[in-house]
Amino acid sequence: MLSRTLLALLALMTVSACARAASDTPIDAARIEEAVKTLGSDEFGGRGPGTPGEDRTVEYLVSTFKQIGLEPGGENGGWTQRVDLLHTQLGEPEELSVTVDGEEVPWTFAKDVYVSTLQPADRAAIDDAEMVFVGYGIDAPERQWDDFGDADLKGKVAVFLVNDPDFEAKQGDPVAGKFSGQAMTYYGRWTYKFEEAARRGAIGALIVHDTPGAGYGWSTVIAGGGENYGLVRQPEDVTSLKLQGWISGEASADLFKRAGLDLTAERARARTGAFTAIPLGDATFSAAFSVEQEVVQSRNVLARISGAKRPDETVMIAAHWDAYGTGEPDAQGRTVRSGANDDGIGLAAMFEIARAFKAGQQPDRSIVFAAWTAEERGLLGSEYYALNPIYPLETTVANLTVDVLQTAGLARDVILIGEGQNSLEDDLARFAKAQGRTVTPDSAPERGLFYRADHFSLAKRGVPVLLMMGLGGGADLVEGGREAGEAWVAEYTKNRYHTPGDRWDESWNLAGAVQDIDLVWDIARELAFSDRWPTWKAGSEFKEVRLESAEARR
């Protein structure tokens, strides 16, 4: 396997006459392989938060950081940051129905509706709460868009459409392009919609499911089985939502019809700037569940290289250490969901970049290496850090995240997740050109991958970010072209992603992963030895947030 990878790396020089030679990179494929094999071994038990696998993983991360020569970067001079997670599990529904025009309509859990809770209570109940249709549920002053108007959601259940208003827009529609077209914005994500409902005091939030808009089918929605994870919060910060979730497309159409509305027509109306929230007729929602709850103690792991000239300015390299623990046996009898690529390879990349920094002169700015917990539970480790930053976010120069890389060999391009967001993509294009490669935007931006990895927790607070991820479409592979790249993505997502199949095997060719890690190193190194601040581009929903702290960067 190693000889195959090394031969492929040597072949990089033939990709383009102007390409930088493979021998220029400090990134070592053999060390990446070793780290991925270790982290993905059954000994680590799938690296589940709060399990013995976490203890083994944290010990390994800290030991490796020490061997590289890094400083502790966690809280109180240590290597970690404590993260308390709330774990909830709904019992069987005691009540679950809607009432319209005096008629009670029973709903079946996981067939008509799917809900969970993030309140730390032993019971989750909503009794005949008024249902309000809020369209796409967006309040975006910078886009002159407000779906709520004067609607009062306190004590009510908000019903949302998924994605953005222009997702289904046709050419010539006034809304076309207002929310980046097929490229989902944060306003289209279910997380934003639940957050907005809570900000307005709703006690329930339900999203109308449709597969194209969500980017996944109903089976994905219900896969959690009533389970949820969140951060342990102070009482005043606990969400107002007693229940949050989804309504199936069929149940939604029936609900709207009973309320005297046509769902298709309401979708069209919600795509106009004239839309404002309306009651769903006299429909009310009732539900009651017992809740099992527990607090799971977990940890982020952080290391640091102090800057020589501007130590208070921080360049962050990040990956997540958690995977999916153990589960039901697969066809081969394997129960450990190893997470070798997701995100063992990101951790290995972080080690390599740390070694590259330590092999050279001390950077002007500080470098922080962050290994987050609970990414697979909703980006919770990075979210906790963003709420409780050890290094000020206003002087965090950038967050560069590695999360799943293609393992099918050299590529003529690199996939960009989140086109048009910030100036880091221009840096990516410049360094990719030096490798003899081009940049290809995510082929399915409607899936919102930009909002589904840990970098996003910092982006929400204005920190410029770049995500290096191999799942945004097939790369143009040197051997096999785009077709072979798409085949790799399809095989990985079908047979390996979040399953016991995500483990090292002899088919892996790390030459392309080395290329991508090298790009992250190039960008990080340039930022570490400069006084430049990356910026958000016009139209990004995070530009204004960053501008609010501009004075700290003068």
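Check LEU379, LEU393 and return the single one that is on the phi > 0 side of the Ramachandran plot and at pLDDT 95 or above.
Answer to the selection: LEU379.
Counting only residues that are in contact (Cβ under 8 Å) with a residue 40 or more places away in the chain, at negative phi and surrounded by fewer than 18 Cβ atoms within 10 Å (Cβ to Cβ), how many does region 153-188 have?
Here the count works out to 4.
Which residue pairs have Cβ atoms closer than 7 Å, lie 6 or more positions apart in sequence or on different chains, and pair a first residue in region 234-257 that is open to solvent by 20 Å² or more (accessible area, probe 1.4 Å) with a second residue that is part of a helix (DSSP H, G or I) and of a type in the set (Gly, Ala, Ser)?
Filtered contacts from region 234-257: THR239/ALA198; SER240/ALA198.
State whether the residues of region 295-310 include one that is under 23 Å from ALA198 (Cβ atoms) and either open to solvent by less than 40 Å² (accessible area, probe 1.4 Å) or within 30 Å of the chain's Cα centre (by Cα) (or both).
Taking every residue of region 295-310 in turn, at least one turns out to be under 23 Å from ALA198 (Cβ atoms) and either open to solvent by less than 40 Å² (accessible area, probe 1.4 Å) or within 30 Å of the chain's Cα centre (by Cα) (or both).
So GLN362 fits all but one of (1) open to solvent by 30 Å² or more (accessible area, probe 1.4 Å); (2) within 22 Å of GLY512 (Cβ to Cβ); (3) touching a strand residue (DSSP E or B) at 6+ places or on another chain (Cβ under 9 Å); what number is the exception?
Result: GLN362 fails condition (2) only.
How many residues are closer than 20 Å to ARG258 by Cβ and open to solvent by 10 Å² or more (accessible area, probe 1.4 Å) if we restrict to region 133-152?
Here the count works out to 0.
Hey, any hits in region 281-291 for a residue that's over 30 Å from TRP521 (Cα atoms), open to solvent by less than 10 Å² (accessible area, probe 1.4 Å) and polar (S, T, N, Q)?
yes
Restricting to region 119-152, name every residue that is closer than 22 Å to ASP101 by Cβ and in contact with a helix residue (DSSP H, G or I) (Cβ under 7 Å, 6 or more places away or on another chain).
Result: PHE133, single match.
Does region 489-499 contain any residue that is touching a residue at least 60 places away in the same chain (Cβ under 8 Å), more than 26 Å from ALA444 (Cβ to Cβ) and surrounded by fewer than 16 Cβ atoms within 10 Å (Cβ to Cβ)?
The answer is no; no qualifying residue exists.
Name the residues in region 310-324 that are assigned to a loop (DSSP other than H, G, I, E, B) and either of a type in the set (Phe, Trp, Tyr) or in contact with a strand residue (DSSP E or B) (Cβ under 8 Å, 6 or more places away or on another chain) (or both), would you?
TRP321, ASP322, TYR324
Take region 39-63 and flag every residue that is open to solvent by 10 Å² or more (accessible area, probe 1.4 Å), part of a helix (DSSP H, G or I) and hydroxyl-bearing (Ser, Thr, Tyr).
TYR60, SER63
When region 430-446 is examined, which residues are found to be basic (Lys, Arg) and surrounded by 19 or more Cβ atoms within 10 Å (Cβ to Cβ)?
The one that is basic (Lys, Arg) and surrounded by 19 or more Cβ atoms within 10 Å (Cβ to Cβ): ARG437.
For residues in region 392-405 being in contact with an Asp or Glu (Cβ under 8 Å, 6 or more places away or on another chain) and open to solvent by 10 Å² or more (accessible area, probe 1.4 Å), which is farthest from LYS433 (Cα to Cα)?
Restricting to residues being in contact with an Asp or Glu (Cβ under 8 Å, 6 or more places away or on another chain) and open to solvent by 10 Å² or more (accessible area, probe 1.4 Å), the top hit is PRO392.
Among all residue pairs at least 6 apart or on different chains, which show Cβ distances below 7 Å where the first residue, located in region 404-433, is in contact (Cβ under 8 Å) with a residue 24 or more places away in the chain and the second is of a type in the set (Ser, Thr, Tyr) and surrounded by 21 or more Cβ atoms within 10 Å (Cβ to Cβ)?
Final answer for the pair search is ASP413/THR440; ILE415/THR440; LEU416/THR440; GLN421/SER540; ASN422/SER540.
Scan ASP330, ASP343, ASP262 and give me the residue that is of a type in the set (D, E, K, R) and touching a strand residue (DSSP E or B) at 6+ places or on another chain (Cβ under 8 Å).
ASP343
State yes or no: is LEU70 more than 25 Å from TYR324 (Cβ to Cβ) and either β-branched (Val, Ile, Thr) or at pLDDT 95 or above (or both)?
yes
Kindly provide the set of residues from region 204-227 that are among the hydrophobic types (A, V, I, L, M, F, W, C), closer than 19 Å to GLY448 by Cα and open to solvent by 20 Å² or more (accessible area, probe 1.4 Å), ordered by number.
Passing the criteria: only TRP218.
Within region 474-511, take every residue that is among the small types (Gly, Ala, Ser) and either touching a His at 6+ places or on another chain (Cβ under 9 Å) or at pLDDT below 95 (or both) and give me the one that is nearest to GLU376 (Cα to Cα).
The residue in question is GLY501.
Within region 78-99, can one find any residue that is in a loop (DSSP other than H, G, I, E, B), in contact (Cβ under 8 Å) with a residue 60 or more places away in the chain, aliphatic (A, V, I, L, M) and surrounded by 22 or more Cβ atoms within 10 Å (Cβ to Cβ)?
No, every residue in region 78-99 fails to be in a loop (DSSP other than H, G, I, E, B), in contact (Cβ under 8 Å) with a residue 60 or more places away in the chain, aliphatic (A, V, I, L, M) and surrounded by 22 or more Cβ atoms within 10 Å (Cβ to Cβ).
Which residues, taken from region 100-128, are in contact (Cβ under 8 Å) with a residue 24 or more places away in the chain, part of a strand (DSSP E or B) and open to solvent by 30 Å² or more (accessible area, probe 1.4 Å)?
Hits for region 100-128 are GLU103, PHE109, ARG123, ALA125, ASP127, ASP128.
I need the full set of residues from region 473-487 which are within 13 Å of VAL404 (Cβ to Cβ) and crowded, with 24+ Cβ neighbours inside 10 Å, in order please.
If the condition is that a residue be within 13 Å of VAL404 (Cβ to Cβ) and crowded, with 24+ Cβ neighbours inside 10 Å, then ALA475 is the only one that fits.
The values are calculated or read from the model by the stated rules, or taken from the named source; none is laboratory data. All of these numbers come straight from a predicted model, not from anything done at the bench. In this analysis, Cβ positions are derived from the backbone assuming ideal geometry, glycine residues included, and neighbour counts consider all displayed protein chains. Keep in mind that these areas ignore ligands, DNA and RNA; they rest on the heavy atoms of the full protein, side chains included. Shrake-Rupley method; radii C 1.70, N 1.55, O 1.52, S 1.80 Å.
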